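See structure below.
The values are calculated or read from the model by the stated rules, or taken from the named source; none is laboratory data. All of these numbers come straight from a predicted model, not from anything done at the bench. With ideal geometry, Cβ positions are generated from the backbone for all residues, glycine too; neighbour counts draw on all protein chains shown. Please note that ligands, DNA and RNA were not included when accessible areas were found on the heavy atoms of the full protein model with its side chains. Shrake-Rupley method; radii C 1.70, N 1.55, O 1.52, S 1.80 Å.
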Amino acid sequence: MGRAPRLGLIAAGAHALACGASAGREPAGGTPEARAAETATEESARTSGGEASDAEPGSGGEAQAASAPPAPEQRMTRAEAGRYVLALVNRDRAAHKLPPVRWDETAARAGRRHTEDMVRVGFTGHWGSDGSVPEERYTAAGGDGFVMENAGCFADAIPREVDPDPRFSAESLERVHHAFMNEKPPADGHRRNVLTASHTSLGVGLAKAKGFDIACMAQEFVDDYGTYQKLPRRAQVGEVIQVAGEVRAPAKIAGVGISRIEPGKPIPPEKLLRMGGYAIPSPYATFFPRGFKTPIPLQVTGNRFDIEVPLNDRRRPGLYGVSVWATFPPSNELKMVSLRIIDVGKGGAR
């Protein structure tokens, strides 16, 4: 008999742009339930905007007791299971007087890619076995908002065959979601992600290994507050791109940022299990409207914005993140509302 699989849980975090809103300030560049593996730390697993503004600290049990959606007696298809998880999430948000999130099929595609990877390799984390990260997978799926991921799957580095036509029991889905919601501060990154007030939509990636009633889940929460001009998927170091669009109320456009990380490389499963939480990288350059200290002024008309910026972090190739930042009056706190990835090479044939 093989050993019982272990379930891991982990939450991705967002970097809060270290810049005030005042003019002239310089921005800073055993059984599945037997183990809840390491979660993001307080520093690296902050959700966008920190804790949900209307959520109170606690174990989450009070939310689970509130008008739970009826559990289907029959096992659910992937589509049905995703909607069931959406209902669980909206039940918990309603218990904290937060608005519901709508279904997001684009985010669900990104989540499914990741959960199937976690099943095949036997890990839980935010880096994929190919070295991909959440915003990279979300961009590849066609997303243009800002994504925050909760993940739960195996934590034993044992490869398994993915069930091509999975059926999910309500209990297997509730097991993962309740583990998220039962967290306590400061190790409560998943719970705070579920209860972040600014989230507008949710895609749920689900997968199963053949022969196991264990749901591997990626909850992909999205902040969607705008429409944006398309970006190139690939570019060269030094290439100038146009970043333009319009944010929607209650958001108010504040700035654009550019970040860079190294391109992903395959990661062995044992290392994946040790990598912990994922903090979205800080911008190395930030651009604000006239009246602020900024290398290039962001052109703003109402909530429309437009800027041309170079992709050049000391001439280094990599994955460049193009972020859009907004405020939500009356607060002046800057929050990321879009993050898209461009694969930037050195130049020449690719």
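Worth pointing out:
- Pairs with Cβ under 9 Å, 6+ apart, first in the range 137-163 and within 24 Å of W103 (Cα to Cα) and part of a loop (DSSP other than H, G, I, E, B), second among the β-branched types (V, I, T) and open to solvent by 40 Å² or more (accessible area, probe 1.4 Å): D144/T227
- Flag: A141 matches the condition of being of a type outside the set (S, T, N, Q) and touching a Ser or Thr at 6+ places or on another chain (Cβ under 8 Å).
- Residue match in the range 219-236 (condition: within 19 Å of the chain's Cα centre (by Cα) and of a type in the set (A, V, I, L, M, F, W, C)): yes
- For S338, the requirement of being assigned to a strand (DSSP E or B), within 30 Å of F123 (Cα to Cα) and either among the hydroxyl-bearing types (S, T, Y) or at pLDDT below 95 (or both) is met.
- Evaluation of A215 against the conditions (1) open to solvent by less than 20 Å² (accessible area, probe 1.4 Å); (2) at pLDDT below 95 shows that the sole unmet condition is (2).
Rundown of residues vs (1) under 22 Å from the mean Cα position of the chain (by Cα); (2) closer than 20 Å to R233 by Cβ; (3) surrounded by fewer than 19 Cβ atoms within 10 Å (Cβ to Cβ), yes/no style:
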site: L273; (1), (2), (3): yes, no, no
site: K293; (1), (2), (3): no, no, yes
site: R304; (1), (2), (3): no, no, yes
site: L311; (1), (2), (3): no, yes, no
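- Only one of the numbered conditions (1) touching a helix residue (DSSP H, G or I) at 6+ places or on another chain (Cβ under 8 Å); (2) surrounded by 18 or more Cβ atoms within 10 Å (Cβ to Cβ) is not met by D130, and that is (2).
- Checklist (1) open to solvent by 10 Å² or more (accessible area, probe 1.4 Å); (2) within 17 Å of V89 (Cβ to Cβ); (3) in a helix (DSSP H, G or I); (4) of a type outside the set (G, A, S) applied to E183, failing item: (3)
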